[in-house]
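One structure is given below, encoded as structure tokens.
No value in this document is a laboratory result; all are computed from the given coordinates. Since this is a predicted model, take the numbers as computed values, not measurements. With ideal geometry, Cβ positions are generated from the backbone for all residues, glycine too; neighbour counts draw on all protein chains shown.
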Amino acid sequence: MNLSNLSLELELAVCAIAAQAYAHTRYKLIVKISEDFITIEFQGYFTEQFNPKNRPDPNPNSNLYRNTRVDFSLNYFKDELILGGWWRGAILSLYYSQNQHFWLNEDGDEIARPYPDGDKFESIAAKIYPLLKQHFN
């Protein structure tokens with residue numbers, strides 16, 4: 001990989017893709033890039049609009065606005081993307097590559113696409129994968 005951090009354009013694009021899947025959510029990204037591996041933690045925040053005078057906290061990244069139900073992580077390594085997160089009390093992961101994708105539970109067993117978020121994760125992966133492949137290969 002040839003970058004030490006995400007470009008602003010790529011970061012904004014990745015955030016917008018995730019926000020399209022989860023309405024009324026914006027994301028803060030925590031990015032870690034090593035020589036050949038990238039990890040992005042997506043931290044969800046509610047997007048409700050408040051009158052600035054009535055806003056409980058002026059910091060939009062305050063824990064008051066956190067929506068941890070839509071947090072997830074992304075790992076990208078050698079043309080493989082993994083999206084993972086908690087879903088109804090279990091850790092589920094979507095493995096995505098150019099030729100295939102499949103779901104695993106926390107025990108490593110292959111499972112069917114989880115409802116209702118499985119299609120959202122697959123859509124996120126399909127849109128983010130080509131961006132990461134272009135920037136990191």
Open item on the list: Under a crude label model (7 Å from the Cα following the beta-carbon direction), how far is PHE46 from ILE91 in nanometres?
Closed with: 2.9 nm
Task: Gyration tensor verdict on the chain (Cα atoms; rounded if a/c is under 1.5, prolate if a/b is larger than b/c, oblate otherwise) - done: oblate
- [ ] Give the residue from HIS24, SER34, LEU8 lying farthest towards the positive end of the charge dipole for the chain; charges sit on Cβ (+1 for Lys and Arg, -1 for Asp and Glu) and the dipole is referred to the Cα centre.
- [x] HIS24
Open item on the list: Given Cβ point charges of +1 (Lys, Arg) and -1 (Asp, Glu) and nothing else, what value in debye, to the nearest 20, does the dipole of the chain about its Cα centre take?
Closed with: 620 debye
- [ ] With everything on Cα atoms, drop me the angle between helix 118-136 and the longest principal axis of the chain, reported from 0 to 90° to the nearest 10.
- [x] 80 degrees
Task: Qualifying aspartates and glutamates (Cα of each under 16 Å from Cα of LYS78; at least 8 residues distant if same chain) - done: GLU35, ASP36
Task: Charge-dipole axis of the range 62-137 as Lys and Arg at +1 and Asp and Glu at -1 on Cβ define it, positive-most pick from ALA112, LEU132, GLY89 - done: LEU132
- [ ] Give me the number: length gained by fully extending ALA16 to PHE77, i.e. 0.36 nm times residue separation minus the C-alpha to C-alpha distance, one decimal in nm.
- [x] 19.8 nm
